[in-house]
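K.L.:
Questions regarding the structure given below will be posed in turn.
Just so you know, all these numbers are worked out from the coordinates, no wet-lab data involved. These figures come from a predicted structure and were not determined experimentally. In this analysis, Cβ positions are derived from the backbone assuming ideal geometry, glycine residues included, and neighbour counts consider all displayed protein chains.
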Amino acid sequence: MEEIRMKGTGAILLAFLIVGIVIASGCMGGGTTTSSSSLTTSAGASSTSTSSTPSETSSSSPSPSTTSTSVQTTTTTQEQTTTTTSSVETTTTTSTPTEEAYWAHPWEYAPIEVNGERYIITYYKYDYKVQPDQNSPTYEYIVEKSVEKTKVHVYGMTVTGSKIDYKEHDAYAYTTVVTPVKAASLKDKLTITVWFVFNRSEAFLYPWDVLWISYLSPTSRDREFVGIQVQYGDRTFLLTSPAPYRNDLLPYFEGDKDILSDINEDMTYLYMGWMATLHFGIWYAWENKNVLIPQSGVWSDMQGHSWAWNTKPDGTASFSGITFKLVDFEWKYQGSPEGVSMDGKGKFSPYLPLLVEGDGHYSYSDPKTGEKTVIYAYFKLEDLRLEKVSS
């Protein structure tokens, strides 16, 4: 058994995100490196388009009149260490001769290959909606994220409160821009920039992480965190930490600290929906499955925990002049002992680490009152920028 992959949440977020949901390790097979031949390059500026036509088979595939179809069904029964538990996984694959692709690196920031060229993602833009519970309004935001290598001016403070100028240092700047469309409290555009000494995958792939708040502690000694700046309307808050360079100074801050409380409600909702619909183990069930053929699977531990999912190739999307094949997905999870259920659907490309579109619910029941809460989130990738890097 393997616990669903979830990031730790701060006190600001809900304890329900770390209930004891488990999935079988049999659903988490190893990944396979994908081939870049399935991506095609088209001329033109950065743009996004989506088609709903079925994906094409490779040039070596037979014509429709000669295509054969086979069905492969495998059932695996796994005996657990105790005599009272077991798990069953069944996968059904409907296959035709085609190219192969495996979503081997979901939510991992790494270069992608396109026709022999390597690129990194430097920017993405999501249309994002979240409903924190079934009785709340649905809030909507435009979320933009970018990363660049830059220099940041670092300050520190002595224990007596004296400001120390520690000059400029190289750092990676991760910038999140949240534009409210229909927000709970946000009235203006919000920009959050976080600086790290090294490239941090999770800092780019997630637009906002409440754990960043821990860096604001005067006792923070993270050896990679350099600073954070929050800009909201004409107000600014800045904190820099000299800890990566010397450990005898405290973090230095200046500006309007009240910004943090003013943005707290919307940022909590943004993080809540992102975590509830994204951060779980279902993506890793497809690491060792060719997602360019339709298939489905079910899994159960026979104790009230179960998965059901299906994928099928369908359509393409173009970003930065590059066309990516898409895969439709649907899945459901039930954790009866914990009173938890989840479901999701949308589109991904096995050649991109980010979801292209996602729609999901997270439902849980209070163990004391039995009251049910349903979180809903939706996001769609509107833009993506790629930068060519040397091999």
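K.L.:
Dividing the alpha-carbon radius of gyration of the range 228-281 by 2.2 N^0.38 Å (N being the number of residues), what value is obtained? Don't skip to the end; give the middle numbers.
P.N.:
Values: Rg = 15.3 Å, N = 54, 2.2 N^0.38 = 10.0 Å.
Cα-based Rg divided by the globular estimate yields 1.52.
K.L.:
Once amide H atoms are built 1.01 Å from N in the peptide plane, which residues 5 or more positions from Ala101, or in another chain, come under 5 Å H to H?
P.N.:
Here the answer is Val291, Leu292, since their amide H atoms fall under 5 Å of that of Ala101.
K.L.:
Would you kindly derive the ³J(HN,Hα) couplings of the range 137-151 from the backbone phi angles with the Karplus curve 6.51 cos²θ - 1.76 cosθ + 1.60 (θ = phi - 60°), listing them in order in whole Hz, with x for Gly and Pro?
P.N.:
The phi angles translate into x, 8, 9, 9, 9, 9, 10, 10, 9, 9, 9, 7, 8, 8, 10 Hz.
K.L.:
Between Thr369 and Thr92, what length comes free when the chain is fully extended (0.36 nm per residue of separation minus the Cα-Cα distance, one decimal in nm)?
P.N.:
On the way: separation 277, 0.36 × 277 = 99.72 nm, distance 3.97 nm.
Stretched out fully, the Thr369 to Thr92 stretch lengthens by 95.8 nm.
K.L.:
Treat each spin label as a single point 7 Å out from the Cα along the C-beta direction, and report the Asp234 to Asn115 distance in nm.
P.N.:
Reported label-point gap for Asp234 and Asn115 is 5.0 nm.
K.L.:
Among Tyr141, Leu270, Thr175, whose Cα lies farthest out toward the positive end of the dipole of the range 121-275, if unit charges sit on the beta carbon of Lys, Arg (+1) and Asp, Glu (-1)?
P.N.:
Thr175
K.L.:
Further question on the same structure: Each residue of the range 359-369 in order: what ³J(HN,Hα) in whole Hz does its phi give by Karplus 6.51 cos²θ - 1.76 cosθ + 1.60, θ = phi - 60°, with x for Gly and Pro?
P.N.:
Result, ordered by residue: 9, x, 10, 10, 10, 9, 10, 5, x, 8, 9 Hz.
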